[in-house]
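The values are calculated or read from the model by the stated rules, or taken from the named source; none is laboratory data. Just so you know, these numbers come straight off a predicted model, no measurement behind them. Counting neighbours? That spans all protein chains shown, and the Cβs are built from the backbone with ideal geometry, glycine included. Protein only, heavy atoms only, side chains kept; ligands, DNA and RNA dropped before computing areas. Shrake-Rupley method; radii C 1.70, N 1.55, O 1.52, S 1.80 Å.
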Amino acid sequence: MISFEKALETILTSARYMGDERIDFMDSQNRVLAEDVYSDVDMPPFDKAAMDGFACRKEDLDNELEVIETVAAGQIPQKSIEAGQCVRIMTGAMIPEGADTVIMVEQTEMTGEERVRFTGSRTTANIAYRAEDVTAGDVMWKKGEPILASHIAIFAAVGCTEPLVAKQPRVAVLSTGDELVEPYEKPGPGKIRNSNAWQLMAQIRNVNCIANYMGIVPDTEEETDLAISKALEENDVVILTGGVSMGDFDFVPKVMKKNNVDIRFQKVAVKPGRPTVFGVTEKSYIFGLPGNPVSSYINFEVFVKPMLYKLMGHDYRPVELTLPMAADYKRKKADRLEWVPVDITPAGEVLPVSYHGSAHIHAVCLSKALMKVPVDMFTFDKGETVHVRPL
Ligand code: AMP
Ligand code: MG
């Protein structure tokens with residue numbers, strides 16, 4: 001049995017980058033950027049009015065001003081400002097030469113035909129200066145980072161219409177178990193619905209890989225063999241649930257070996273999810289996650305997700321908060337690192353939720369975070385700080 005840290009390191013050091021492709025920027029949301037994106041323009045590209053009003057010389061604020069032209073956004077001023085002059089200017093329009101201030105239209109009054117007076121007591125320049133936000137050549141977004149909705153504006157603004165992004169791993173999901181029926185069916189006696197596969201499909205989509213559902217595998221060695229060999233052939237990553245523990249019908253590790261999978265570990269000192277298997281073939285990676293839904297969910301989050309991101313060139317660092325306990329916590333055994341579903345109170349304290357173990361998926365739905373209980377740690381006292389990962 002290996003430690004959580006060693007297992008994660010083993011997974012991450014096996015993961016090789018899968019290459020990249022150029023795609024339309026509007027298809028790049030949630031993909032991982034594969035090259036730095038630079039700006040080809042200054043932002044703003046010229047000194048521009050930040051308000052609708054009149055552009056003039058600051059030293060003229062006490063004087064009545066002659067309006068010599070009107071400049072709308074997108075137009076180039078035809079005249080430069082001399083003493084006692086101003087131009088009527090719209091937000092986003094280019095500041096005329098000679099002007100250093102824009103007075104807001106709300107702080108002016110017309111004193112005659114094309115004559116205007118400042119009625120405020122003081123004003124800022126109300127100018128957005130050339131390159132004050134970005135200088136041409138600046139890096140806008142970095143290689144290895146996921147592209148979020150807010151980055152799309154940046155790509156648009158710098159004309160990056162075909163970003164280079166990491167290829168998406170194709171990830172197969174298989175559930176093993178004779179007791180499983182699909183969610184559309186009512187389970188008969190002795191049966192339960194297959195929740196893991198659909199949970200995993202959603203988790204895979206969350207990291208924007210290609211999720212490929214390959215069905216329920218009956219608990220026979222032959223069927224498991226067929227399913228694993230086909231899945232390894234057609235996918236970059238294969239995730240199975242169930243069939244990895246010590247039961248009479250747990251064939252997954254045996255069949256993996258038969259399919260030339262180099263098994264890197266088979267047991268991890270984590271709770272839930274000790275019987276977690278990870279292996280590699282020449283072209284693919286394979287995980288055997290335990291059948292219990294909480295184990296499958298958490299082990300995807302802590303092991304599979306960082307690996308999928310690594311395949312796409314992203315160094316995933318989960319957010320971990322340090323917060324105080326709202327109550328005492330204790331456990332009987334401390335030989336494994338444990339993830340405990342917890343609530344976070346309005347005061348920002350950590351409160352374990354009612355949780356009956358690794359089949360209790362509803363407890364995870366109702367919790368806000370997973371509390372990390374390290375190996376050898378039996379108790380946390382109220383007020384003691386702990387590490388939690390928000391869900
Ligand atoms: P196993 O790892 O195959 O021994 O399964 C452990 C427990 O998880 C058993 O109670 C199974 O019925 C349950 N289980 C296995 N696969 C699934 C699944 N796909 N969805 C929900 N529960 C499952
Ligand atoms: Mg099973």
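Points to keep in mind about this one:
- Surface composition of segment 48-128: carbon plus sulfur atoms hold 44% of the accessible area, using a 1.4 angstrom probe and ignoring ligands, DNA and RNA.
- Helix axis angle, 221-234 relative to the chain longest principal axis, alpha carbon, degrees: 30
- Accessible surface, 1.4 Å probe, highest first, among residues 317, 170, 31, 336: 317, 170, 336, 31
- For segment 48-128, DSSP calls about 75 percent of its internal beta bridges antiparallel.
- With both residues required to sit in the chain, DSSP beta bridges show an antiparallel share near 65%.
- Counting every C-alpha pair in segment 93-242, the share spaced more than 26 angstrom apart comes to 60%.
- Residue among 136, 326, 93 with the largest mean-square fluctuation in a Gaussian network model of the chain, springs linking Cα atoms under 10 Å: 93
- Among 349, 185, 234, the largest mean-square fluctuation in a Gaussian network model of the chain (Cα springs under 10 Å) belongs to 185.
- Mean residue ellipticity (222 nm) of the chain, computed from DSSP H runs ≥ 4 via -39,500 (n - 2.57), nearest 500: -5000 deg cm²/dmol
- To put it simply, the accessible area of segment 321-390 at a 1.4 Å probe is 58 percent carbon and sulfur.
- The stretch between residue 315 and residue 258 holds 17.3 nm of extra length on full extension. This uses 0.36 nm per residue minus the Cα-Cα distance.
- Distance from segment 1-52 to segment 107-185 (C-alpha centre basis), Å: 14
- Added length on full extension, which subtracts the Cα-Cα distance from 0.36 nm per residue, residue 16 to residue 145: 44.8 nm
- Acute angle (nearest 10 degrees) that the helix 4-14 long axis makes with the longest principal axis of the chain, alpha-carbon atoms: 70
- Placing dummy labels 7 Å off each Cα toward the beta-carbon, the span from residue 136 to residue 186 is 7.1 nm.
- Links that overshoot a 24 Å alpha carbon limit, given the list 330/372; 330/368; 191/305; 230/258; 258/283: 191/305
- Taking the centroid of alpha carbons for each part, segment 311-348 and segment 209-274 are 28 Å apart.
- Size of the chain as Cα extents on the principal axes (Å, biggest first): 96, 50, 41
- Förster-model FRET efficiency, 41 Å R0, residue 267 and residue 322, C-beta, rounded to 0.05: 0.90
- Zone of residue 220's modelled label, taken as backbone nitrogen in segment 179-195 under 20 Å from a point 7 Å along Cα→Cβ: 179-182, 191
- Extension reserve of the residue 40-residue 193 stretch, reckoned as 0.36 nm per residue once the Cα distance is removed: 49.7 nm
- Result for the chain in a Gaussian network model with C-alpha springs under 10 Å: among 50, 334, 227, the largest mean-square fluctuation is at 50.
- Applying 1/(1 + (r/R0)^6) with R0 = 35 Å to the Cβ-Cβ distance of residue 2 and residue 359 gives a FRET efficiency near 0.90.
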